[in-house]
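Data first, discussion second: the structure below is written as structure tokens.
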Amino acid sequence: MKENKNKKFYIKGKLTDFERIKTQSNYLRGTINEDLKDGITNGFNGDNFSLIRFHGMYQQDDRDIRLERSEQKLEPRYAMMLRCRLPGGVITAKQWLKIDKFATKKTLYGTIRLTNRQTFQFHGILKKDLKFVHKMLNSIGLDSIGTANDVNRNVICTSNPLVSELHHEVYEWAKKISEHLLPKTKAYAEIWLDKKKISTTDNEPILSSSYLPRKFKTCIVIPPYNDVDLHANDMSFIAISEKKRLIGFNVLIGGGLSIEHGNKKTWPSCASEFGFIPVDKILSVSEAIVTTQRDWGNRTDRKNAKTRYTLHRVGREVFKKEVEKRANVTFKNIYPYYFTKRGDRFGWVEGIDQKWHLTIFVPNGRIIDDSNQKIKLALSKVAEIHKGDFRLTANQNIIISGVKEQDKKEIENIFFIHGMLSSITKLRQNAMACVSFPTCPLAMAEAERKLPFFIMQIENILLKYNMLQENLIFRVTGCPNGCGRSLLAEIGLIGKSPGRYNLYIGGNYIGTRIAKMYAENCTEKEILDHLKSLIKIWSEERHNGEHFGDFVIRFGIVKAVIDASNDFWIK
Ligand code: SRM
Ligand code: SF4
């Protein structure tokens with residue numbers, strides 16, 4: 001690969017302290033090993049707090065009991081969240097049984113959390129159990145390398161089983177991209193798996209010894225299902241097929257959703273189209289995009305460091321040309337594509353392979369048993385008899401994949417007995433919230449725990465206006481970092497402080513338009529009052545079949561966000 005380090009676009013200035021942490025870390029080792037032996041605290045010290053993230057873990061404390069512990073002069077209840085690397089979201093039934101057992105026996109909360117990037121998290125692992133969990137994952141062929149911090153994260157891809165032949169191919173590419181862009185340091189194996197340090201010096205040919213300026217996200221999507229929310233990703237590949245054969249990818253760059261309340265130097269963005277590439281160029285193009293962002297991304301301000309800001313600063317054509325040079329490709333014109341749907345398709349569908357796939361709705365992706373639904377138990381029972389695999393979706397749900405016709409009934413019965421498979425509204429099926437309290441240190445308002453309340457209230461409003469059967473994308477995010485992807489929703493809430501949210505509307509149903517702020521700093525009652533009037537007008541004035549997000553724009557309630565860098569903040 002040709003590398004043209006066009007220094008003109010390097011940002012000069014005082015680097016953030018994160019840059020020092022990375023470069024001085026000895027390829028992500030830091031003094032994590034020493035901290036593991038430190039029995040005085042349940043947490044990590046100094047730089048190690050950030051470095052463990054490269055190994056897929058976040059130090060957290062339970063915010064519900066933070067004050068109480070501080071009053072008792074106790075250390076916060078530190079425990080780690082671990083995010084597994086699972087490209088394309090595929091996990092075997094055997095692997096599931098192991099992770100289920102670990103969650104039950106060794107985590108403070110006893111749950112597994114499916115994330116909206118096709119993987120799972122354990123919350124509440126004590127420091128003393130960290131090596132155990134990594135060794136357990138390693139024994140079943142899994143790891144958590146590079147699922148957090150300034151690297152390419154878990155690569156996601158369309159999980160819709162209807163298109164299983166293409167899906168399989170695309171899934172293989174998701175795995176290859178993940179492997180290709182993974183940190184090459186042996187630090188993970190040495191620290192967590194007790195592997196001996198080998199004498200060769202470390203080298204990070206793609207990421208560099210200071211890794212990327214910021215987190216980096218990649219997806220592959222198979223139209224017409226935008227089930228991965230492609231515009232939340234730095235680098236997106238849209239699979240193009242002819243006669244059911246994969247011929248290449250449209251490449252899109254610079255999606256992302258995080259903002260800071262009131263900070264107009266931050267904005268969300270849909271990704272820009274670069275062009276089409278044949279299948280065999282996907283790895284070199286991925287590498288070229290990542291290395292361009294590595295070299296040109298802003299390392300002096302983390303709020304301005306993601307790919308979309310680099311693209312905005314240097315210009316789309318300049319970035320594109322650099323990628324063409326580095327990858328030795330020429331982007332062809334974008335192949336026509338369109339999306340019709342987001343979210344998951346629930347229930348049984350027959351794949352092209354004549355096997356059956358059952359998509360199960362998991363409220364908020366939380367694998368937990370309660371008095372109504374025993375999801376955790378049901379999944380472990382299915383895992384005991386299932387011969388195919390499980391696929392996690394980018395909407396926090398799970399697919400029991402590759403079931404033979406004769407085995408369908410048994411699996412269905414298990415879910416039925418454990419209180420699942422009941423019919424739910426489309427609003428509920430499509431809704432999403434981020435984790436937020438009590439584990440997320442950045443949460444400003446409730447999200448996951450408040451979602452059922454909001455859904456119930458909105459269902460009542462929809463019922464009143466005879467709109468309950470309608471598809472409506474509603475999402476809640478506990479802070480403006482945007483994990484719940486509210487800015488790609490038709491109705492999105494973003495937490496401001498406990499019990500208060502900004503209300504955004506006007507994203508579209510297929511997830512290709514950013515939503516716009518409609519009301520600021522609202523209480524829950526104010527939000528519901530706004531939604532009552534908006535849904536009433538929608539029910540009265542909409543064109544036949546018109547989605548809520550399109551309606552509020554056509555009717556002039558909010559302006560469409562076209563170029564978010566210009567018009568996201570304009571009132
Ligand atoms: Fe996220 C940070 C949870 C998807 C943007 N995110 C966090 C942390 C780790 C908080 C922290 O830094 O200490 C949250 C952990 C909460 C907890 O207790 O588990 C967290 N993010 C999540 C998950 C679990 C939400 C979920 O309910 O599914 C998702 C995990 C995905 C995964 O498996 O990798 C998750 N996060 C997202 C998304 C959506 C997406 O990627 O499709 C976004 C917006 C898209 C984007 O990146 O622009 C997102 N998370 C962020 C940000 C803002 C980054 C930025 O650009 O400024 C942060 C904060 C940060 O990195 O500084 C963050
Ligand atoms: Fe935490 Fe904010 Fe992400 Fe929600 S959006 S999980 S509150 S960082």
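What translational diffusion coefficient, in µm²/s and rounded to a whole number, does the Stokes-Einstein relation yield for the chain at 37 °C and a viscosity of 0.692 mPa s, taking the hydrodynamic radius as the Kirkwood radius over Cα pairs?
Estimated via Stokes-Einstein, D reaches 135 µm²/s.
The Cβ shell under 14 Å around Glu71 holds other residues with a net charge of +1, Lys and Arg each +1, Asp and Glu each -1. Taking 4.7 Å between beta carbons as the limit, the unpaired Cys residues of the chain are Cys84, Cys157, Cys219, Cys270, Cys440, Cys479, Cys522.
Summarising the label geometry, the points placed 7 Å from Cα in the beta-carbon direction at Tyr338 and Glu317 lie 3.0 nm from one another.
Nearest 500 deg cm²/dmol is fine: what mean residue ellipticity at 222 nm does the chain get from its DSSP H runs of n ≥ 4 alone, each adding -39,500 (n - 2.57), divided by its residue count?
-9000 deg cm²/dmol
Hey, what D do you get for the range 205-329 in µm²/s if you plug the Kirkwood alpha-carbon radius into Stokes-Einstein at 37 °C and 0.692 mPa s? Diffusion coefficient, whole number: 220 µm²/s.
In nm, what is the difference between 0.36 nm times the number of residues separating Gln72 and Ile352 and their Cα-Cα distance?
Gain on stretching Gln72 to Ile352: 94.8 nm.
About its Cα centre, the range 347-422 has a charge dipole of approximately 120 debye under the convention of +1 per Lys or Arg Cβ and -1 per Asp or Glu Cβ, with nothing else charged.
Grouping the Cα pair distances of the range 428-567 into 5 Å bins from zero gives a pair-distance distribution of 2, 11, 21, 25, 21, 13, 5, 1, 0 percent in increasing distance order. Values of log10 I(q)/I(0) for the range 331-480 across q = 0.10 Å⁻¹ run -0.44, by the Debye formula with one identical scatterer at each alpha carbon and no solvent.
With both residues required to sit in the range 194-260, DSSP beta bridges show an antiparallel share near 65%. Here the range 93-190 yields Rg over Rh of 0.98, to two decimals, using C-alpha coordinates and the Kirkwood radius. Centre-to-centre separation between the Cα atoms of the range 124-166 and those of the range 219-247: 21 Å.
For the range 136-202, what percent of Cα pairs sit more than 15 Å apart?
When every Cα pair of the range 136-202 is considered, 64 percent fall beyond 15 Å.
In this label model, Asp194 and Lys243 are separated by 5.7 nm, measuring between points 7 Å along each Cα→Cβ vector. Working note: Karplus 6.51/-1.76/1.60 with θ = phi - 60° gives the range 381-386 the couplings 5, 5, 4, 5, 10, 7 Hz, where Gly and Pro are set to x. DSSP finds beta bridges in the range 428-567, and of those with both partners inside it, around 65 percent are antiparallel. Extension gain for the segment Lys105 to Lys426, taken as residue separation times 0.36 nm less the Cα-Cα distance, is 112.0 nm to one decimal. Which residues in the range 458-502 place their backbone N less than 19 Å from a point set 7 Å from the Cα of His261 along the Cα-to-Cβ direction? The answer is 475-488, 492-502.
If you take the Cα centroid of the range 333-350 and the Cα centroid of the range 440-454, the two points sit 29 Å apart.
Each Cα pair under 8 Å and six or more residues apart adds its sequence gap; the mean of these over the residue count of the chain is a relative contact order of 13 percent.
Extending 7 Å from Cα along the Cβ direction at Lys8 and again at Thr201 yields two label points whose distance is 3.3 nm.
Beta bridges assigned by DSSP with both partners in the chain are antiparallel in approximately 80 percent of cases. Using Cβ point charges alone (K and R +1, D and E -1), the dipole size of the range 161-269 about the Cα centre works out to roughly 240 debye. Given their separation in residues at 0.36 nm each and the Cα-Cα distance between them, His180 and Asp301 gain 40.8 nm when the chain is fully extended. What number comes out for the charge environment of Leu377, summing +1 per Lys or Arg and -1 per Asp or Glu over other residues with Cβ under 12 Å away? Surrounding charge for Leu377 is -1.
Across the accessible surface of the range 347-422, with the other protein chains kept in place and a 1.4 Å probe, carbon and sulfur atoms take up 50 percent. Here the 3J(HN,Hα) profile of the range 166-171, calculated from phi with Karplus coefficients 6.51, -1.76 and 1.60 at θ = phi - 60°, is 5, 4, 4, 5, 5, 4 Hz, Gly and Pro shown as x. The Rg/Rh ratio of the range 1-154, with Rg taken over Cα atoms and Rh as the Kirkwood radius over Cα pairs, comes to 1.03. Heavy atoms of the protein chains alone define the surface here; on that basis the chain has 41 Å² accessible area per residue at 1.4 Å probe size.
Taken about its Cα centre, the chain carries a charge dipole of about 1180 debye when Lys and Arg each add +1 at the Cβ and Asp and Glu each add -1 at the Cβ. A simple rule links phi to the HN-Hα coupling: the Karplus curve 6.51 cos²θ - 1.76 cosθ + 1.60 with θ = phi - 60°, which for the range 523-538 gives 6, 4, 5, 4, 4, 5, 4, 4, 5, 4, 5, 5, 5, 4, 4, 4 Hz, with x for Gly and Pro.
Filter the cross-link list Lys197/Lys387; Lys243/Lys404; Lys8/Lys197; Lys306/Lys426; Lys265/Lys320 down to pairs whose alpha-carbon distance in this structure exceeds 31 Å.
Lys197/Lys387; Lys8/Lys197; Lys306/Lys426
Sorted largest first, the principal axis extents computed over the alpha-carbon atoms of the range 347-422 equal 36, 26, 21 Å.
Binning the C-alpha pair distances of the range 73-147 at 5 Å intervals from 0 yields a P(r) profile of 3, 15, 28, 28, 15, 5, 3, 1, 1 %, listed from the shortest bin outward.
The values are calculated or read from the model by the stated rules, or taken from the named source; none is laboratory data. The shown structure was predicted, so the numbers you read here are calculated from the model rather than taken from an experiment. Cβ coordinates were reconstructed from backbone atoms using ideal geometry, including for glycine residues, and neighbour counts include every protein chain displayed. Heads up: the accessible areas ignore ligands, DNA and RNA and are worked out on the full protein's heavy atoms, side chains in. Shrake-Rupley method; radii C 1.70, N 1.55, O 1.52, S 1.80 Å.
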